């Protein structure tokens, strides 16, 4: 462990710079916390669980979909959480959830955001063999 270190504030994080290490400490975004939090019943979390059950070919997928009171909020949470993620397999997981619904991505996002999202989905799914 480094004996000396410095804290460097950034707009969205704090960097901890030492003699031999460089770490970033960042607050977990609210959408990510809602989806991946333990025992979460947020719409995005339930949608993610439904997607997992669908991949397992379980009948519970339909039950989870019926539990979601606001599907639009669930999709928006997944999109926003995917935008905050750095790890491509997690991004892919969150975006696949949306693709399984065949949801029309009209939410509250601008056309540029939708184009970028669709490009990201295409890129992640075309790299499926890599991950």
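Only the coordinates and a few stated rules stand behind these numbers; no lab work does. Values in this document were obtained by computation on a predicted structure and should not be read as measured data. Here the Cβ positions follow ideal geometry from the backbone for every residue, glycine too, while neighbour counts run over all protein chains shown.
Miscellaneous remarks
- Residues of region 57-69 satisfying the condition of being under 20 Å from the mean Cα position of the chain (by Cα) and without any contact (Cβ under 8 Å) to a residue 12 or more places away in the chain: 61
- Taking the criterion of being crowded, with 18+ Cβ neighbours inside 10 Å and in a loop (DSSP other than H, G, I, E, B), the only residue of region 1-55 that qualifies is 42.
- Residues of region 9-55 satisfying the condition of being over 23 Å from residue 68 (Cβ atoms) and out of contact with any strand residue (DSSP E or B) (no Cβ under 9 Å at 6 or more places or on another chain): 11, 12, 20, 27
- Checklist (1) loosely packed, with under 15 Cβ neighbours inside 10 Å; (2) within 22 Å of residue 85 (Cα to Cα) applied to residue 58, failing item: (2)
- Tally of residues being surrounded by fewer than 15 Cβ atoms within 10 Å (Cβ to Cβ), part of a helix (DSSP H, G or I) and in contact with a helix residue (DSSP H, G or I) (Cβ under 6 Å, 6 or more places away or on another chain) across region 67-94: 1
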